[in-house]
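K.L.:
I'd like to ask you about the structure that follows.
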Amino acid sequence: MRRSVLSRAAIYVFAVAVAVTLTLSLMARALHDSNETRLLRQQVSAAAAVVSAAIPNIQTPLSSGAVLAEATNSDRSAFTKLMTPLAAGRPFVSASIWPAHARDPRPLVVVGSAPELAGRPQAERANFLAQTTGKKVVSVLDLLGRSPRRLGYAFAAGPTARFVVYAEAALPENRRAAVDSNSAFADLDYAMYLGSTANVDHLLAASAAKPQLTGRTAEDSVPFGDATLHLVMTPRRELGGDLLVRLPWLIGGVGTAIGLAAALMTERLVRRRAHAEELAQQNARLFSEQRSVAQTLQHSLLPEERPEFPGLDLAVRYVPGVDGVDIGGDWYDVIGVGDGKVIIVVGDVSGRGLRAATAMASLRYAIRAYVAQGDPPETVLLKLTKLINVVRDGHFATVLCGLVDVAEHSVLFANAGHPNPLLIDGANAEFVLTKVGPPVGVEAATSYAAVSVKVPASGTLLAYTDGLFERRGESPDVGLARLRGAAIGYDTLDQLLDGMLRALTPDGCDDDTAILAVKWRT
Amino acid sequence: MAHVEGDGGARGLVERTDDPSGVPVVKLLGAIDMSNAESLGATLDQLIGDETHHLVVDLGALEFMDSSGIAMLLRVAARVSTVEIRNPSNIVRRIIGCTGLTDVLPIEGRETGEV
């Protein structure tokens with residue numbers, strides 16, 4: 001038998017379980033990924049909207065300043081009054097009025113600290129200020145590469161404006177500005193760039209020391225005056241909560257455990273089945289052994305297959321029952337008594353098994369002993385009643401005992417509860433009506449009467465046990481009629497016995513069966 | 001009432017239902033064969049006890065009985081002085097007749113010795 005650590009079926013079940021688990025895990029992971037990405041995009045859009053909303057905070061005071069400058073011809077006191085609260089740090093550190101179209105522009109009025117713009121080359125100043133006049137939005141000047149880091153904003157009141165109002169805002173130290181822990185974006189790291197790409201030279205502010213954000217990021221660009229702000233964000237932790245992160249691992253763990261359990265259960269079933277098959281094979285072997293032992297024993301208890309007596313043809317058969325495991329209690333015997341006489345016996349001990357076979361053997365040898373003493377059939381049967389007792393042994397026996405007188409063509413039958421023999425003569429078959437006494441072993445005090453039967457020269461006598469005709473749920477009369485009908489039309493005794501067995505028990509005998517046929521030799 | 005389970009799956013049943021006149025009656029039901037005859041006989045012995053001298057065995061509900069069943073009845077009959085068989089099927093009646101047991105297992109309401 002094949003033995004391995006794990007059966008193929010168990011390995012297969014485990015593999016399938018692992019595959020299913022893996023798929024589910026990956027699906028959960030993909031779900032988590034897409035969910036996180038979606039949440040992150042929403043957050044970035046929201047943050048970008050917040051940033052966009054800050055633009056008017058810059059543009060409104062500048063446009064007010066620009067209108068004032070045009071109206072007052074850049075009056076210092078009016079501009080200072082307007083801008084002083086705004087240029088003290090927040091939102092600006094410096095506010096100034098510049099001529100819109102000067103060859104070498106210099107600030108006309110300055111509030112707060114000196115503007116960085118003043119230190120710029122002449123061409124840059126002139127170009128920057130000139131281009132603001134055509135715009136309806138704030139012009140943004142990138143001063144990031146220099147130190148101190150400032151961002152410049154400029155606005156002119158219409159295309160024909162003579163003045164440009166300019167302000168500078170200070171950027172956070174080290175460009176770091178942490179997000180408030182109670183803000184909507186507390187779970188996010190961000191980096192904000194001037195321009196439409198994440199160019200680190202133009203980094204405005206970031207929440208982390210390392211502005212290059214890695215891992216899962218989302219970006220968004222929003223207009224910022226005449227420039228663009230680029231926002232990059234990454235989640236500091238899972239936006240969708242911890243369960244979704246753990247879900248793939250949870251599924252993986254539970255799935256693997258279930259797969260392992262299923263594999264073990266399969267393994268157990270496979271082993272159990274293998275064990276059952278082994279047992280079945282063992283049983284079949286034991287059964288066939290016992291069957292062959294039973295048959296060997298049975299045949300050893302019966303006389304030789306073909307007894308020979310002068311002037312007589314004899315044939316016998318013993319067929320074990322279909323299951324054939326137990327020894328049966330059926331037997332036949334042929335005993336010569338000299339003087340041209342022969343005793344024929346067919347008997348049947350009730351029940352089966354070793355006890356029935358033992359009872360059968362003791363009856364058979366007792367009959368031989370009584371016959372040797374010269375007892376006639378009826379006396380033989382009477383003496384047998386002392387050997388067997390249904391109360392004591394649990395068995396009784398039916399016995400048909402006949403004394404064949406070869407010369408007289410007659411048989412003297414005594415019968416202890418046994419089916420009557422059949423006399424076959426050509427196309428006729430009739431039961432011989434014996435005097436049926438009780439089976440031996442039933443009553444200690446009884447007597448048997450012998451009946452003498454004349455047998456025609458061409459006649460055949462057939463004695464048998466009930467296995468030949470009895471069927472469950474059927475009256476013995478029906479079985480006997482069938483037996484009688486099956487006895488016609490055979491030439492030799494062997495043909496008769498084989499033919500009847502074939503006809504009456506086509507599927508084998510349920511019960512064991514003994515048959516004896518005798519015919520006068522012509 | 002007692003069930004007796006046989007190894008072969010055959011099931012026999014024995015039930016005591018005494019006559020109004022006081023004669024003990026045991027009823028055999030189901031199938032009796034080698035697998036259950038012995039235990040069924042032991043149950044029957046318990047049901048009738050040692051003091052019973054006249055017993056009626058009702059076979060009206062019996063489905064099947066083989067020679068082991070007959071042996072069981074014969075043992076009971078040997079223990080009790082008078083046993084009568086009630087309601088035997090034709091098959092059982094014929095088996096009793098064929099095997100010369102009409103005196104040992106007389107059928108109720110019949111002259112003994114009749115075949």
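K.L.:
Can you confirm whether region B:42-65 contains a residue that is touching a helix residue (DSSP H, G or I) at 6+ places or on another chain (Cβ under 9 Å), within 13 Å of chain A (Cβ to nearest Cβ), in a helix (DSSP H, G or I) and over 24 Å from residue A:479 (Cα atoms)? Reasoning before the result, please.
P.N.:
Taking region B:42-65 first, the residues touching a helix residue (DSSP H, G or I) at 6+ places or on another chain (Cβ under 9 Å) are B:44-45, B:48, B:50, B:52, B:55, B:57, B:59, B:62, B:64-65.
Filter once more, keeping what is within 13 Å of chain A (Cβ to nearest Cβ): B:45, B:62, B:64-65.
If we keep only those that are in a helix (DSSP H, G or I) too, we end up with B:45.
Adding the requirement that they be over 24 Å from residue A:479 (Cα atoms) leaves B:45.
Yes, that holds for at least one residue.
K.L.:
So which pairs qualify, if the first residue must be in region A:29-43 and closer than 18 Å to residue A:231 by Cα, the second must be modelled with pLDDT under 85 and assigned to a helix (DSSP H, G or I), the Cβ gap must be under 9 Å, and the two must be at least 6 apart or on different chains?
P.N.:
Going by the 9 Å Cβ cut-off, the qualifying pairs are A:36/A:244; A:36/A:245.
K.L.:
Please tell me if residue A:86 is touching a residue at least 12 places away in the same chain (Cβ under 8 Å) and more than 60 Å from the chain's Cα centre (by Cα).
P.N.:
On the way: touching a residue at least 12 places away in the same chain (Cβ under 8 Å): yes; more than 60 Å from the chain's Cα centre (by Cα): yes.
Yes.
K.L.:
Which condition breaks for residue A:238 when tested against (1) part of a helix (DSSP H, G or I); (2) touching a residue at least 40 places away in the same chain (Cβ under 8 Å); (3) over 16 Å from residue A:17 (Cβ atoms)?
P.N.:
Going through (1) part of a helix (DSSP H, G or I); (2) touching a residue at least 40 places away in the same chain (Cβ under 8 Å); (3) over 16 Å from residue A:17 (Cβ atoms) one by one, residue A:238 breaks only (1).
K.L.:
Quick check on my filter: what residues within region A:103-119 are surrounded by fewer than 16 Cβ atoms within 10 Å (Cβ to Cβ) and either in a loop (DSSP other than H, G, I, E, B) or polar (S, T, N, Q) (or both)?
P.N.:
A:103, A:104, A:106, A:114
K.L.:
Taking only region A:423-450 into account, find how many residues are closer than 26 Å to residue A:500 by Cα, within 14 Å of another protein chain (Cβ to nearest Cβ) and part of a strand (DSSP E or B).
P.N.:
Residues in region A:423-450 being closer than 26 Å to residue A:500 by Cα, within 14 Å of another protein chain (Cβ to nearest Cβ) and part of a strand (DSSP E or B): 2 in total.
K.L.:
Of the residues A:516, A:497, A:483, which is under 24 Å from residue A:360 (Cα atoms), in contact (Cβ under 8 Å) with a residue 60 or more places away in the chain, touching a Phe, Trp or Tyr at 6+ places or on another chain (Cβ under 7 Å) and crowded, with 17+ Cβ neighbours inside 10 Å?
P.N.:
A:516
K.L.:
Let me ask you something else. Return the only residue of B:49, B:109, B:41 being farther than 19 Å from residue A:446 by Cβ and surrounded by 19 or more Cβ atoms within 10 Å (Cβ to Cβ).
P.N.:
None of the other options fit; the residue is B:41.
K.L.:
Please determine, by comparing only the residues of region A:143-158 that are touching an Asp or Glu at 6+ places or on another chain (Cβ under 9 Å), in a strand (DSSP E or B) and at pLDDT 85 or above, which one is farthest from residue A:64 (Cα to Cα).
P.N.:
A:150
K.L.:
Can you tell me which residue in region A:451-480 is nearest to the chain's Cα centre (by Cα), limited to those that are farther than 30 Å from residue B:61 by Cα and within 14 Å of chain B (Cβ to nearest Cβ)?
P.N.:
The residue in question is A:464.
K.L.:
Looking only at region A:312-341, which residues are crowded, with 20+ Cβ neighbours inside 10 Å and either over 18 Å from residue A:464 (Cβ atoms) or without any contact (Cβ under 8 Å) to a residue 60 or more places away in the chain (or both)?
P.N.:
A:324, A:326, A:327, A:333, A:335
K.L.:
Also, I was wondering about something else. For region A:470-483, does any single residue satisfy the condition of being within 30 Å of residue B:31 (Cα to Cα) and in a strand (DSSP E or B)?
P.N.:
The answer is no; no qualifying residue exists.
Residues are listed down the side, and each one gets a yes or a no for (1) hydroxyl-bearing (Ser, Thr, Tyr); (2) at pLDDT 85 or above:
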site: A:196; (1), (2): yes, yes
site: A:212; (1), (2): no, no
site: A:220; (1), (2): no, yes
site: A:245; (1), (2): no, no
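The values are calculated or read from the model by the stated rules, or taken from the named source; none is laboratory data. This structure is a prediction, so every number in the text was calculated from the model and none was measured. Every residue, glycine among them, receives a Cβ derived from its backbone with ideal geometry; neighbour counts consider all protein chains shown.
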